[in-house]
1. Taking 0.36 nm per intervening residue step and subtracting the Cα-Cα distance, what contour gain separates residue 105 from residue 60 on full extension?
2. Highest mean first, how do 158-165, 195-202, 81-88 rank when packing is the count of other Cβ atoms within 10 Å averaged over residues?
3. Using a Förster distance of 41 Å, how high is the FRET efficiency between residue 194 and residue 149, based on the Cβ-Cβ distance and rounded to 0.05?
4. Counting just the Cα atoms, what span does the range 89-173 cover along each of its three principal axes? Round to the nearest Å and put the largest first.
5. Can you sort 68, 131 from fewest to most other Cβ atoms within 10 Å of each residue's own Cβ?
6. So, how do all the Cα-to-Cα distances of the range 25-84 break down into 10 Å bins, in percent, from 0 on up?
7. Once you have the Cα-Cα distance between residue 141 and residue 46, take 0.36 nm times their residue separation minus that, and quote the gain in nm to one decimal.
8. Nearest 0.05, what FRET efficiency do residue 119 and residue 91 give at R0 = 22 Å with Cβ-Cβ as r?
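None of the figures in this text is laboratory data; all of them are computed from the coordinates on show. Since this is a predicted model, take the numbers as computed values, not measurements. Neighbour counts are summed over all protein chains in view; Cβ atoms, including those assigned to glycine, are modelled from backbone coordinates with ideal geometry.
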């Protein structure tokens, strides 16, 4: 009985292969083309039919005809061991010169060798990583951080794992920072000179007091403490 079933199944499969255009397919009782057992990949109604991959494909890959693992569209790798997000190439930075204080929106243009549409955009200014924003395909922006350097290399990434290695630099105008520092120095010096001038004036006043002779001081005190002078002053103001 089992032999008869095996023969019938074989005949059915052979007939089905002739009726369905793809390889490793058969037509079921509902006249629908399906893949043969063991051939789990492919499309039974396509000309390529069904096939199998001997290797387990990467989580970001798939089994393609005729049975080879490939990465999903835009990802880079062998489809088995890796399927990585591609590394972009920075082509330009605008503006290319900013103030040293930073915090300026900087637009970064990039190119790709594969048709990948990123969902994240990260910038690295030398060693400082900044989360950016994708403006459109091929263009993103980040806020440039402050820097004491005259120029820093600009790199970008779509996953914060691998960054571009382009020789594109952002230049910082340190003269503006020097001018600002100079202005602060002038303000501090003005305050110091003002305080120093006041201290000199107060010192001269004390010196003048110290130069008065003891006889002058005594006369002044006697005049101030003389009771007859005080009585005279009272009489002058006495209305009676």
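1. Between residue 105 and residue 60, full extension yields 12.8 nm more.
2. 81-88, 158-165, 195-202
3. 0.65
4. Computed over the Cα atoms, the extents are 37, 21, 20 Å.
5. Final ranking by Cβ density, sparse to dense: 131, 68.
6. 26, 40, 24, 8, 1
7. 29.8 nm
8. Taking R0 as 22 Å, the efficiency between residue 119 and residue 91 is 0.60.
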